[in-house]
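One structure is given here, and the rest of the page talks about it.
Bear in mind these aren't lab numbers, they're just calculated from the coordinates by the rules spelled out. What you see is a predicted model; the values in this text were computed from it and never measured. As a convention, Cβ positions derive from the backbone with ideal geometry for all residues, glycine included, and neighbour counts pool all protein chains shown.
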Ligand code: DHB
Ligand code: FE
């Protein structure tokens, strides 16, 4: 059997770091067993993968796929699907409700290494609705828009709401025990691909959304990923804006260069 040197090194380093935690906090054997039982229960509920996403995935992205320049990537999350191309840019399939606020997003997709706009890039969006729910059966608030020859895209969607997926599982239990909220700040997922190759997966956040400073995905929210929303002039009947616009330019890496910079 061939020893996996990288695994050996990671195991030894991880154990030494965890030993330091045990020593620093005087963690008892009983407490260690509580932690072990917690992980067993989380495993039975299939939330260990989410636990990794929530605690460590952003650190991994920042260490492995983040470029010195270009749009900051983020995790894909559990709700990606296969989405229809929206030639008119409209992602809204369901009739409008009183809680819905329309959001027009537009911008340019450009290549991080050349600075040039990318023609024909697929900008694929998916997000929760005005009540914090993802459409898991259809394509509401999901869809692909394609850039023109100047790299421009434009889409119409709704302002998403924050939500929690973990109120009834071990992640919620952990956050509750710490007295921390267990919610995600409102966000829109985006995946940009070109010529069939995924160039960027990220998330855009809604300004002034609750939980921007306590999102349960550790490290997900940074100021560069928070949209600026401009009220659309005269869009609401009662004076309140019924629609907002936001500009966001995606600067995407040439994935073949990742790991070499
Ligand atoms: C989780 C949910 C999301 O919508 C997301 O983007 C990332 C993580 C989660 O519940 O683990
Ligand atoms: Fe999400």
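Measure nothing but the geometry: give the 0 to 90° angle between the long axis through the Cα atoms of 29-44 and the longest principal axis through the Cα atoms of the chain, rounded to 10°. So the helix axis and the longest Cα principal axis differ by about 40 degrees.
The Stokes-Einstein estimate for the range 1-81, based on a Kirkwood radius over Cα pairs and taken at 25 °C with 0.890 mPa s viscosity, is a diffusion coefficient of 155 µm²/s. Given a cut-off of under 8 Å on Cα pairs at least six residues apart, what relative contact order in percent is computed for the chain? Answer for the chain is 22 percent.
Given 0.36 nm per residue, what is the gain on full extension from residue 87 to residue 208 after removing their alpha carbon distance, in nm? Please list the in-between numbers first.
Working: separation 121, 0.36 × 121 = 43.56 nm, distance 3.07 nm.
Full extension of this stretch gives 40.5 nm more.
Remark: spin-label model distance residue 99-residue 114 equals 4.5 nm, labels positioned 7 Å along the Cα→Cβ axis. Let me check against my output: what whole-number percent is the relative contact order of the range 136-236, with C-alpha pairs under 8 Å and at least 6 apart? Relative contact order of the range 136-236: 20 percent. Obtain the radius of gyration and the Kirkwood radius of the chain from its C-alpha atoms and give Rg over Rh. For the chain, the value is 1.02.
Kirkwood radius, the range 46-182, all distinct C-alpha pairs, inverse of mean reciprocal distance: 17.2 Å. Residues 79, 11, 163, ranked from the fewest to the most other C-beta atoms within 10 Å, line up as 11, 79, 163.
Calculated on C-alpha atoms, the gyration radius of the range 112-200 divided by its Kirkwood radius gives an Rg/Rh of 1.12.
In plain terms, the residue of 24, 96, 161 with the fewest other Cβ atoms within 10 Å comes first and the most crowded comes last, giving 24, 96, 161.
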